[in-house]
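The values are calculated or read from the model by the stated rules, or taken from the named source; none is laboratory data. Here the structure is a predicted model, which is why all the values come from computation and not from measurement. Cβ placement follows ideal geometry from the backbone for every residue including glycine, while neighbour counts extend to all protein chains displayed. Please note that ligands, DNA and RNA were not included when accessible areas were found on the heavy atoms of the full protein model with its side chains. Shrake-Rupley method; radii C 1.70, N 1.55, O 1.52, S 1.80 Å.
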Amino acid sequence: MRSVYREEGVDRLPLMSDLTRRRFQQSLALGALGAALGCRDGASPHDEAPVRSLPPLRGILLLTADDLGWRDVGAYGLTAVPTPHLDRLIAGGVAFDRAFDVVSTCSSSRASLATGQYPHTHGVTGLTHRHPELSLPADAPTVARQLADHGFTTAIQGKFHISATHEPEAFGYQDWLATDLDQRIRDISPAVDFLAEQGESSVPFFLEVNFMQTHRDLLDRFVQADGYEVAVDEASPPSFWGLPDWPELREEVAGYLSQLRWMDDMVGALLDALDDGGLADDVLVAFVSDNGPPFPGCKLTLYDRGVGTPLVFRWPAALAPAWSDELVGTVQIAPTLLELAGVDPLPGAQGRSLAPLLLGEPFDAAEAVFAEMEEHIDPVPARAVRTDRYKYIRNLSATPWGHGDGSADYLEPLADEPDQRWDEPRPPEELYDLSVDPLERANLVDDPALADVLTDLRARLVANAEATADFRLGEL
């Protein structure tokens with residue numbers, strides 16, 4: 001395994017000296033999927049995990065952000081505004097430098113977090129409030145249901161976007177904590193009170209808190225959050241977005257960053273509640289974003305800035321703080337949470353657990369991760385595979401990626417700028433050398449020097465589609 005630390009002189013996750021081993025069997029044993037993922041020697045992504053002894057787990061707190069960019073947290077390099085509470089969470093856990101959502105639209109992404117499956121498997125391939133027929137079936141195996149069935153108290157606050165036909169209770173959440181009608185969290189106290197109650201309980205809990213601050217409001221805009229204002233002249237678009245530093249963009253970026261500051265403060269309230277209840281050491285906290293920032297060339301695309309996400313797991317009693325640069329995908333989060341909780345794996349889960357990696361055990365890392373798109377509102381079908389150095393995208397229509405929910409104030413002039421291809425027809429194939437082109441601008445699909453790379457990535461994409469029964473297989 002490869003890992004990187006912020007501390008000088010430390011080059012790997014330390015093994016925990018008090019770990020013994022216990023047997024844990026994952027649900028799927030697909031050697032073909034292991035080969036597609038690039039597991040060394042074609043190992044199955046669901047081989048038996050080691051026997052181990054872990055400290056008692058009091059609960060799981062899953063935090064998700066909506067439309068938060070990959071590098072848009074201080075610990076990941078953001079300098080425009082402070083994010084001290086997220087930085088505190090990240091500093092205390094195992095954080096991933098190269099984590100990727102399996103899709104770049106929210107309903108599909110959140111259904112993958114719940115099921116450990118790719119969208120083409122769970123069926124939520126577009127926005128459920130626009131396409132109710134794409135809602136997750138009420139009988140689908142989910143993390144919340146699995147934990148509830150194993151005696152956990154379960155609750156959710158904030159956005160619930162995996163079904164337009166059933167309420168959260170149908171998927172294993174025993175309580176939907178007070179949330180505004182637009183599913184935004186403006187008052188975090190219900191979640192804080194829930195955590196305070198758990199400090200007095202011997203029953204383990206699962207609390208999912210889904211923030212929408214970094215998603216545009218119902219009027220499709222960003223406004224400054226009271227008490228968290230950001231000066232417009234200090235709000236340049238983060239460089240990794242690949243956008244020009246225009247006044248019209250700065251206005252929106254300032255609102256986005258202001259909302260991020262508000263969300264960070266609410267994360268701090270939750271972390272304080274864990275501290276105050278004596279739960280901090282014994283609760284697993286995970287944090288992830290559902291897709292990239294809602295700006296052109298980011299959200300709704302399969303570029304790194306569209307699917308890259310911050311990702312951290314913190315459990316002080318069991319996990320040594322570290323930074324890892326292993327390639328991981330969000331389809332792995334559900335299996336990871338359940339394995340660390342000592343709970344049976346989800347039937348049909350396609351991601352393999354990261355628990356061995358988090359615990360410093362031998363881990364056969366993947367050489368590739370996969371992402372896909374079907375539709376957000378309109379169809380933009382595509383599949384992608386990313387390795388350490390290269391990204392290959394197979395576009396299954398020429399429909400442009402779209403503006404990523406960007407504002408009309410700047411879209412028309414922006415489309416005339418060089419390298420802004422989000423409004424142009426997509427080519428059948430795209431190939432990028434990420435080592436020299438992190439913004440994925442120079443399509444090398446016709447470069448004869450990369451013919452072998454292209455052949456290999458095509459084969460990986462097909463192998464993953466075969467192993468996961470992707471209905472697009474015949475088009476790849």
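Can you report the number of residues in segment 313-342 which are of a type in the set (A, V, I, L, M, F, W, C), assigned to a strand (DSSP E or B) and within 10 Å of the chain's Cα centre (by Cα)?
Going through segment 313-342 one residue at a time, the tally reaches 1.
State whether the residues of segment 88-96 include one that is open to solvent by less than 40 Å² (accessible area, probe 1.4 Å), touching an Asp or Glu at 6+ places or on another chain (Cβ under 8 Å), closer than 25 Å to TYR303 by Cβ and part of a loop (DSSP other than H, G, I, E, B). Checking segment 88-96: not a single residue is open to solvent by less than 40 Å² (accessible area, probe 1.4 Å), touching an Asp or Glu at 6+ places or on another chain (Cβ under 8 Å), closer than 25 Å to TYR303 by Cβ and part of a loop (DSSP other than H, G, I, E, B).
Filtering segment 413-431 for residues that are assigned to a loop (DSSP other than H, G, I, E, B) and either under 22 Å from VAL331 (Cβ atoms) or basic (Lys, Arg) (or both) leaves a non-empty set.
May I ask you to verify whether ARG441 is charged (D, E, K, R) and modelled with pLDDT under 90?
No, not satisfied.
So is ALA144 under 25 Å from PHE100 (Cβ atoms), touching a residue at least 24 places away in the same chain (Cβ under 8 Å), in a helix (DSSP H, G or I) and open to solvent by less than 30 Å² (accessible area, probe 1.4 Å) or not? So ALA144 passes the test. In the set ALA469, ALA463, ALA384, only one residue is on the phi > 0 side of the Ramachandran plot, at pLDDT 95 or above and under 25 Å from the mean Cα position of the chain (by Cα); that residue is ALA469. Within segment 55-103, restricting attention to residues that are of a type in the set (D, E, K, R) and in contact with a strand residue (DSSP E or B) (Cβ under 9 Å, 6 or more places away or on another chain), the residue that is farthest from LEU257 (Cα to Cα) is ARG58.
LEU181 fails exactly one of the following numbered conditions: (1) over 22 Å from the mean Cα position of the chain (by Cα); (2) assigned to a strand (DSSP E or B). What is the number of that condition? In the conditions (1) over 22 Å from the mean Cα position of the chain (by Cα); (2) assigned to a strand (DSSP E or B), LEU181 misses (2) alone.
Checked against the criterion of being within 28 Å of GLY351 (Cα to Cα) and open to solvent by less than 10 Å² (accessible area, probe 1.4 Å), segment 252-260 has no qualifying residue. In summary, ALA111 fulfils each of the numbered conditions (1) over 17 Å from PHE211 (Cβ atoms); (2) part of a helix (DSSP H, G or I); (3) in contact (Cβ under 8 Å) with a residue 60 or more places away in the chain with the single exception of condition (3).
Residues that are touching a residue at least 24 places away in the same chain (Cβ under 8 Å) and open to solvent by 10 Å² or more (accessible area, probe 1.4 Å) within segment 274-296 comprise ASP276, GLY277, GLY278, ALA280, ASP281, ASP282, listed in sequence order.
Filter segment 222-244 down to the residues that are closer than 17 Å to GLY69 by Cα and under 25 Å from the mean Cα position of the chain (by Cα) and list them by number.
Residues satisfying the conditions are PHE222, ALA235, SER236, PRO237, PRO238, SER239, PHE240, TRP241, GLY242, LEU243.
Tell me which residues, restricted to segment 444-470, are outside any helix (DSSP H, G or I) and either free of Cβ contacts under 8 Å to residues at least 60 places away in the same chain or among the charged types (D, E, K, R) (or both). Those that are outside any helix (DSSP H, G or I) and either free of Cβ contacts under 8 Å to residues at least 60 places away in the same chain or among the charged types (D, E, K, R) (or both): LEU444, VAL445, ASP446, ASP447, ASP470.
Every residue, every condition in (1) touching a residue at least 12 places away in the same chain (Cβ under 8 Å); (2) surrounded by 15 or more Cβ atoms within 10 Å (Cβ to Cβ), yes or no:
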residue: ALA178; (1), (2): yes, no
residue: ASP182; (1), (2): yes, no
residue: LEU195; (1), (2): yes, yes
residue: GLU208; (1), (2): yes, yes
residue: PHE211; (1), (2): yes, yes
residue: ARG216; (1), (2): yes, yes
residue: PHE222; (1), (2): yes, yes
residue: ALA235; (1), (2): yes, yes
residue: ASP245; (1), (2): no, no
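The set of residues in segment 345-358 being touching a strand residue (DSSP E or B) at 6+ places or on another chain (Cβ under 9 Å) and either part of a loop (DSSP other than H, G, I, E, B) or open to solvent by 20 Å² or more (accessible area, probe 1.4 Å) (or both) consists of PRO345, GLY351, SER353, LEU354.
Among the residues of segment 387-408, are any open to solvent by 20 Å² or more (accessible area, probe 1.4 Å) and of a type in the set (Lys, Arg)? The answer is yes; a qualifying residue exists.
In summary, ASP416 fulfils each of the numbered conditions (1) surrounded by 13 or more Cβ atoms within 10 Å (Cβ to Cβ); (2) without any contact (Cβ under 8 Å) to a residue 60 or more places away in the chain; (3) out of contact with any helix residue (DSSP H, G or I) (no Cβ under 6 Å at 6 or more places or on another chain) with the single exception of condition (1). None of ALA155, ALA164, ALA231 is open to solvent by less than 60 Å² (accessible area, probe 1.4 Å) and under 15 Å from GLY59 (Cα atoms) except ALA155.
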